[in-house]
Structures are given as C-alpha cells and as structure tokens.
There are 2 protein chains.
Amino acid sequence: MSEKSLGELQCWETVARRKLVDASPWLNLWVDEVRLPDGRIVRDFYTVEQPDHVVIFALDDADRVVGLWHYKHGPACVNLGFPAGYLMPGEDALTAARRELFEETGYVADDWQHLGSYTVDGNRGNGRGHYFLARGARQTAQAEPDDLEEIRIELIKVADLNPLLKGSVATLDAAAVIGLALNALGLKG
Amino acid sequence: MSEKSLGELQCWETVARRKLVDASPWLNLWVDEVRLPDGRIVRDFYTVEQPDHVVIFALDDADRVVGLWHYKHGPACVNLGFPAGYLMPGEDALTAARRELFEETGYVADDWQHLGSYTVDGNRGNGRGHYFLARGARQTAQAEPDDLEEIRIELIKVADLNPLLKGSVATLDAAAVIGLALNALGLKG
C-alpha cells in the first residue's frame, strides 16, 4: 500500500463477526469479517476479547516503588511485576487500581495520576490496560492477594530499576509502567 | 495466599494442554491444566500463542522519531504507532526489526540498541515483543508496507511525544516503546 495523508486514513468496517470460543469471564475469541478502505474483504481477522486491567506504579516517600515477584504463566517464569489486576464488572479504572493495590500489597496512596490507557494488542485487542502512578504510598495492612498467585513484595529504589528491565522484568505491562512512570516523573531509572 | 520469600516462589507445572483453536499463523488458543505450588489443580487456564513481533523507535539525527499513523483493528481507530511487525519463521529479532523499519518506512539505521523483550500478556502469553532503539535513522527509499495497512509517516520531535501519550497513542506497544526509549535516552519527552 502507498502512503496516505493523515486525513485520508480510514477505519476498517466490520461487516460480520462470529464468536469462535466463549471462555467468559477470561476471554472470547472472535473472527471478524472486515472491509478495508480500498474495498478488499478480509474474512478471517481474529480478535480476542478480554476484561480491562489496571497496572500500578506505587511510590513511597523514599522514592521506592512497590514491586512484586511472582510466577506468571504467560512468560512461564518467576519475574518482577507490579500490582495489577482485572476490573470487576462495572468498576471504573481508578477504583480498580486502588482496590488491587490494597488487596495485593496492603498499600494505600492518596496521590493518583492516570498515565494512559492502551489496547494490549494492536491487531487482536486483548482488552485495555489502564496505567497509574500513585505517590505517597504506605502500607496499612498485610498483603492479602485473593487469586492464584504467591507473591513476594520488594520495595525497589527507582534509581535501581533500569538494570531489572532485562532479565527480571518479563511482561510488557511491567516494562511499560516502568517506562511511563519514569517518563512522567522526569526521572532516568 | 500469603506472602512468600523470593526463594520460595515456584513455577506452575503444566500437567496437560489442549489446543482449542488452530488459527495458524496468526494465533492458537490453548487450554492448560496446571498444578499450583500448593498442589491445587486449575483445569482451564487459557493461553494464546502468537508469533513474536518487533517494535522500533527510530531516531533521526535531528532527534525526531519515525512515527506512523495507521488504523489498527485492536483499538478500532486511527492512532499513532511506530514501525513494527511479526518475525518471519526462523528470523531473529534484530533482523526483523531492520526489515520492518525499511519495509514500512524506507528508513535504515546503523546504531541499534535492544531495549528488552517482553511477553505481551502476563497471563495468556500472546507472543513476545522485542523492543529496539535505532539511532541515526535516514530514509533511503520510499515506504512500501506490504500488508493490510494504509499509513502516514510523521517525524515527531522527541520533546513533543508526551502530550501524544493520551489521545493519539492507543496501543500498549506504542506507549511502551516511547517510555522505554525515552528512559534509555535519559530524556523526558
């Protein structure tokens, strides 16, 4: 395809769609039939519907972020992530972020900044992640993660994060929240 | 679950797995039966197998990044992204990054830095993204993207990126490569 002017870029039209697998509430697999702007039809464009989730970069007053070591089945290894979780039905993203931070780590924070909301896979969808920076984080209860994971909380100095991006961080949500948060803070990790 | 020491964190064991949908080469949907470290069995943990992909933050000598405006069917809107694409079978990530940058934009670059490789979805998998910073980028040919997309190339000053993170950037790979690249450059966007 040749290059277009910005005003010429058009959306695809979804002509029909069919659900191949219903694995609610975790995911639904769809196959879309789409019409491209030039009129071509693509009969099998796959999309994956998943619940939205939140990811939280929670800084305490000593410039330490609340990190979580956990096994994740996507990368299939123990790795460094951050408080995160799926939105509950009808829940807004900030409420979910406060809830997940508290449930997973026992931390609360008063100063919340929305870093952005992004579709996980540009082609397939896979839900959206809502990214937050929380400042003034402090622990007021024990961690009580209510899911399948065993976790280890580690407070990590922001200045020590960069070497962890290769080797310890294994998931895109964790890498993205480090990059977005350090950028928002005007810090080099 | 209660908190563990880092040394106590164990991997899950995949006891059995079954392919629910084979939509090669785009994706395969699997359902895994896994055994947790505490012995519990989860019979329906869904994973999505997708090809790995590359994402490239290509800077020219005037500190402008090669941005791409395009429609993406995941967020279902025209949005700002960056050169990116799937690895071909047997291709290594850096080779794919050089190829995708050239095919999509006509740009080449000599100075390549690997920013990290990350599993797209911590739970489901969805392949891995390999992130690159390319410096000294220059256009040596016309853009010839060989896929479904119509694109508009825009050179964007790095200092102008931050306002675009909300509203113009819609996909996690684009947000992540901005955060990771600015962090690697020691710049605030």
Region B:105-151, residues that are surrounded by fewer than 18 Cβ atoms within 10 Å (Cβ to Cβ), in contact with a Ser or Thr (Cβ under 9 Å, 6 or more places away or on another chain) and assigned to a strand (DSSP E or B): B:108, B:139
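Please pick out the residue among B:102, B:82 that is within 12 Å of the chain's Cα centre (by Cα) and within 25 Å of residue B:63 (Cβ to Cβ). Explain how you work it out, then say what you get.
Details: B:102 fails: within 12 Å of the chain's Cα centre (by Cα).
Of B:102, B:82, the one residue that is within 12 Å of the chain's Cα centre (by Cα) and within 25 Å of residue B:63 (Cβ to Cβ) is B:82.
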Evaluation of residue B:184 against (1) under 19 Å from the mean Cα position of the chain (by Cα); (2) within 20 Å of residue B:70 (Cβ to Cβ); (3) open to solvent by 20 Å² or more (accessible area, probe 1.4 Å) (one fails), failing number: (2)
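Need a quick list: strands (runs of 3 or more DSSP E) entirely within region A:1-74 having at least 3 residues that are over 26 Å from residue A:153 (Cα atoms) and out of contact with any helix residue (DSSP H, G or I) (no Cβ under 9 Å at 6 or more places or on another chain). Break it down stepwise before answering.
On the way: elements: A:13-23, A:27-35, A:41-49, A:53-58, A:64-72.
Passing ranges, in order: A:13-23, A:27-35, A:41-49.
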Residue match in region A:44-64 (condition: within 9 Å of another protein chain (Cβ to nearest Cβ) and farther than 30 Å from residue B:70 by Cβ): no
Residue in region A:124-131 that is farther than 30 Å from residue A:32 by Cα and not acidic (Asp, Glu) present: no
Exclusive hit being of a type in the set (A, V, I, L, M), farther than 30 Å from residue B:45 by Cα, open to solvent by 10 Å² or more (accessible area, probe 1.4 Å) and at the interface with chain A (Cβ under 8 Å from one of its Cβ atoms), set B:165, B:155, B:94: B:165
Candidate set from region A:3-40 (those that are farther than 23 Å from residue B:144 by Cβ and among the β-branched types (Val, Ile, Thr)); member that is surrounded by the fewest Cβ atoms within 10 Å (Cβ to Cβ): A:15
Exclusive hit being farther than 28 Å from residue B:181 by Cβ and aromatic (Phe, Trp, Tyr), set B:45, B:102, B:82: B:45
Region A:52-66 residues that are more than 22 Å from residue B:75 (Cβ to Cβ) and open to solvent by less than 10 Å² (accessible area, probe 1.4 Å), paired with ones that are at pLDDT 95 or above and among the basic types (Lys, Arg) (beta carbon under 6 Å, 6 or more apart): A:59/A:135
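The values are calculated or read from the model by the stated rules, or taken from the named source; none is laboratory data. Being a predicted model, the structure only gives us computed values, none of them experimental. Every residue, glycine as well, gets a Cβ built from its backbone with ideal geometry; the counts of neighbours run over all protein chains shown. Side chains are part of the model used for accessible areas, which takes the heavy atoms of the whole protein and leaves out ligands, DNA and RNA. Shrake-Rupley method; radii C 1.70, N 1.55, O 1.52, S 1.80 Å.
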